[in-house]
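Report on the structure given below.
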Amino acid sequence: MNSNPSSSIHTDLDPQNLPFHVAIIMDGNGRWAKKRLFNRIKGHEKGSETVRAIVRASREIGIRILTLYAFSTENWQRPQIEISALMTLLKKFLISEQKEMLDNNIRLNTIGQTERLPEDVRKELQKSMMLTRKNEGLILNLALSYGGRAEIVKAVKEIAIKAIDGRIDPDSITPDLISKHLYTAEMPDPDLLIRTSGEMRISNFLLWQLAYSEICITDTLWPDFGKDEFMRILKNYQQRERRFGKVGP
Ligand code: IPE
Ligand code: IPE
Ligand code: MG
């Protein structure tokens, strides 16, 4: 019998072919709650437990970057009561995970218009990012008030200003230069995108960065998602042939 539960995680997966960067659209909290006649907020609470489990599993498996779509620019249009509950949950998550992140060598990073977040949440984010800045086991990259189009607009503006100032020659604008002006400037693009709850859309997530990511959509609602299914998806990823437009071997 295997006495070390975490070692069994590795038995099935090829450690040489792990996705370096996994991005997840965590969807279905509302439907999970609705099915049980609960308030939507209850679904978000349950969903935050899944976040904890998947962060832990990613760390154990050896994934290097985990980008989680937690709140989109469009999500600001939800009822104020739901937005407030999500912000409170986020703050609670940050406070309760601080020790876990420090103990497990996890670095927190955020992408998105974080200046739009409430002051107390921003303070907690700053604190966690500061405390974990030297960690290099896993980057937990939270997409908060994130929108792919807004991100591209921001990059275009920055590049335009540099061009007007004469700091950039328009001929030197390449895909690489654009990548360097995105929130994810320091990161390779996601190898794998997972979306829960069965929706076949990207919902304004990482529009530029997903150009060649492998996509996996599962019907499971985010609060029901767990390590076992995550492992099955990773196994499926390892069976795929990534061609990047070239011909296969
Ligand atoms: C995902 O769950 C969480 C956020 C978008 C913040 P939803 O709240 O979108 O759940 P559904 O899609 O209504 O089921
Ligand atoms: C995408 O889910 C955003 C997050 C998971 C944070 P949504 O529930 O907001 O997306 P749509 O409305 O179904 O496209
Ligand atoms: Mg949704």
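Convert each backbone phi in the range 160-166 into a coupling constant with the Karplus relation 6.51 cos²θ - 1.76 cosθ + 1.60 (shift: θ = phi - 60°), then list the ³J(HN,Hα) values in order as whole Hz, x for Gly and Pro.
Once rounded to whole Hz, the list reads 4, 4, 5, 5, 4, 6, x.
Round to a whole angstrom and tell me the spacing of the C-alpha centers of the range 121-156 and the range 30-78.
Result: 16 Å between the Cα centres.
Taking a threshold of 31 Å on the Cα-Cα distance, which of the pairs LYS34/LYS180; LYS46/LYS99; LYS46/LYS246; LYS42/LYS154 fall above it?
Pairs exceeding the cut-off: LYS34/LYS180; LYS46/LYS246; LYS42/LYS154.
Once the other residues with Cβ under 13 Å from the Cβ of ASP14 are scored (Lys, Arg +1; Asp, Glu -1), what is the net sum?
Result for the neighbourhood of ASP14: +1.
Check which residues have an amide H placed less than 5 Å from TYR146's amide H, if you skip close sequence neighbours.
The answer is PHE71, SER72, THR73, GLN113.
Taking neighbour counts of Cβ atoms within 10 Å as a proxy for exposure, in what order, fewest first, do TRP76, TRP222, TRP208 appear?
So the residues, fewest neighbours to most, are TRP76, TRP208, TRP222.
Given the C-alpha atoms of the chain, compute the convex hull and give its volume per residue in Å³.
Per residue, the Cα convex hull of the chain comes to 156 Å³.
Of PHE205, PHE225, PHE93, PHE38, how do they rank once you tally other Cβ atoms within 10 Å and put the fewest first?
On the way: PHE205 22, PHE225 25, PHE93 19, PHE38 14.
With the sparsest Cβ surroundings first, the list reads PHE38, PHE93, PHE205, PHE225.
Suppose the chain between LEU131 and ASN17 were pulled fully straight at 0.36 nm per residue; how much longer would it get relative to their current alpha carbon spacing?
Using 0.36 nm per residue and subtracting the Cα-Cα distance, I get 38.0 nm.
To make sure I understand, if each residue's beta carbon is the centre and we count other beta carbons within 10 Å, what order do GLU241, GLU97, GLU186, GLU214 fall in, fewest to most?
The order, fewest Cβ neighbours first, is GLU241, GLU186, GLU214, GLU97.
None of the figures in this text is laboratory data; all of them are computed from the coordinates on show. What you see is a predicted model; the values in this text were computed from it and never measured. Glycine also receives a Cβ, built like all others from the backbone with ideal geometry; neighbour counts cover every protein chain displayed.
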